[in-house]
Amino acid sequence: MTATTERSKISAPTPDQFEEDANFAAAPDLAYLAGVLIAEDRNRFGFLDQVDIAYLWKKKGGKRRGNLTLGMTKKATGDLKYFSGMQIVIWLAADHHGERTPKQIEATLYHELLHVVPEYDEDTGDVKPKLVGHDFEGFAAEVSRYGEVLEDVQAIAPAFRQLELFDGER
């Protein structure tokens, strides 16, 4: 994907677009889209300009605890870091995104970027990427039944109230 490519045209590769016996494929379209997202949210993601991130499509995402694994963000360590030269690897599952809209693909990539936060070294002043978990892990039924009783639901509730103010596309 070139810089002139519109983000609204991004799509997942089909299985036949992967090299034979390959589970991963380079994803310049995702790298481009991540650059757009980083530029749009400099306060949150500006530090990522200094982080070496590999963006990949994974042929099959699989499932975890019965849910589709749409993507994953990993810190590159050991041999992966040595051979790739990357600090972070982000992949999206091509099979699970095949029928998804460009906006849904963008939302998944944004989600994966949110797993990376800056960690400041007080001695050197350097910024290193640190991975974090989700703000909330729960069930719709528990929120419907108990509302904002739990702290992690309290933390995300303002975001949902803010969305109610907009009638636009999400």
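Hey, Tyr82 hits all of (1) open to solvent by 30 Å² or more (accessible area, probe 1.4 Å); (2) in contact (Cβ under 8 Å) with a residue 12 or more places away in the chain but one; which does it fall short on?
Unmet for Tyr82, out of (1) open to solvent by 30 Å² or more (accessible area, probe 1.4 Å); (2) in contact (Cβ under 8 Å) with a residue 12 or more places away in the chain: (2).
Which residue out of Ala39, Ala54, Ala22, Ala34 is surrounded by fewer than 16 Cβ atoms within 10 Å (Cβ to Cβ), of a type outside the set (Phe, Trp, Tyr) and not in a loop (DSSP other than H, G, I, E, B)? Before you say what the answer is, go through the steps one by one.
Details: Ala54 fails: surrounded by fewer than 16 Cβ atoms within 10 Å (Cβ to Cβ); Ala22 fails: not in a loop (DSSP other than H, G, I, E, B); Ala34 fails: surrounded by fewer than 16 Cβ atoms within 10 Å (Cβ to Cβ).
Testing whether each residue is surrounded by fewer than 16 Cβ atoms within 10 Å (Cβ to Cβ), of a type outside the set (Phe, Trp, Tyr) and not in a loop (DSSP other than H, G, I, E, B) leaves just Ala39.
Being open to solvent by 60 Å² or more (accessible area, probe 1.4 Å), on the phi > 0 side of the Ramachandran plot, free of Cβ contacts under 8 Å to residues at least 24 places away in the same chain and not aliphatic (A, V, I, L, M) narrows it down to one of Arg161, Arg145, Arg65, so name that one.
Working: Arg161 fails: on the phi > 0 side of the Ramachandran plot; Arg145 fails: on the phi > 0 side of the Ramachandran plot.
Exactly one of Arg161, Arg145, Arg65 is open to solvent by 60 Å² or more (accessible area, probe 1.4 Å), on the phi > 0 side of the Ramachandran plot, free of Cβ contacts under 8 Å to residues at least 24 places away in the same chain and not aliphatic (A, V, I, L, M), namely Arg65.
Collect the residues in the range 57-89 that are assigned to a loop (DSSP other than H, G, I, E, B) and among the small types (Gly, Ala, Ser), keeping them in residue-number order.
Within the range 57-89, Gly61, Gly62, Gly66, Ala76, Gly85 meet the criteria.
Can you work out which of the residues in the range 108-125 that are open to solvent by 40 Å² or more (accessible area, probe 1.4 Å) and within 8 Å of the chain's Cα centre (by Cα) is farthest from Asp29 (Cα to Cα)?
Ranking the qualifying residues of the range 108-125, first place goes to Leu114.
Does the range 141-156 contain any residue that is closer than 28 Å to Arg7 by Cβ and in contact with a Gly (Cβ under 8 Å, 6 or more places away or on another chain)?
no
Regarding the range 114-124, can at least one residue be identified that is closer than 25 Å to Lys63 by Cα, among the hydroxyl-bearing types (Ser, Thr, Tyr), modelled with pLDDT of 80 or more and not in a helix (DSSP H, G or I)?
no
Select from the range 127-142 the residues that are in a loop (DSSP other than H, G, I, E, B), open to solvent by less than 90 Å² (accessible area, probe 1.4 Å) and at pLDDT 85 or above and list them in ascending order.
Once the filter is applied, which keeps residues that are in a loop (DSSP other than H, G, I, E, B), open to solvent by less than 90 Å² (accessible area, probe 1.4 Å) and at pLDDT 85 or above, the range 127-142 yields Val132, Gly133.
Filtering the range 90-109 down to residues that are in a helix (DSSP H, G or I) and among the aliphatic types (A, V, I, L, M), which residue is nearest to Lys9 (Cα to Cα)? Steps first, answer last, please.
Step one: filter the range 90-109 for residues in a helix (DSSP H, G or I), giving 94-97, 102-109.
Still in the list and also among the aliphatic types (A, V, I, L, M): 94, 105, 107, 109.
Values: Ala94: 15, Ile105: 10, Ala107: 14, Leu109: 15 Å.
The qualifying residue nearest to Lys9 (Cα to Cα) is Ile105.
Would the range 100-107 turn up any residue that is in contact with a strand residue (DSSP E or B) (Cβ under 6 Å, 6 or more places away or on another chain) and in contact (Cβ under 8 Å) with a residue 24 or more places away in the chain? Give the derivation first.
Here is the first cut: in the range 100-107, the residues in contact with a strand residue (DSSP E or B) (Cβ under 6 Å, 6 or more places away or on another chain) are none.
The answer is no; no qualifying residue exists.
Name the single residue, out of those in the range 143-163 being part of a helix (DSSP H, G or I) and of a type in the set (A, V, I, L, M), that is farthest from the chain's Cα centre (by Cα).
Of everything passing the filter in the range 143-163, Val143 is farthest from the chain's Cα centre (by Cα).
The values are calculated or read from the model by the stated rules, or taken from the named source; none is laboratory data. Just so it is clear, the model here is predicted, and its values are computed rather than measured. Ideal geometry is used to build each Cβ from the backbone, glycine not excepted, and the neighbour counts take in all protein chains shown. Note: accessible area is taken over every heavy atom of the protein model, side chains too, but ligands, DNA and RNA are not part of it. Shrake-Rupley method; radii C 1.70, N 1.55, O 1.52, S 1.80 Å.
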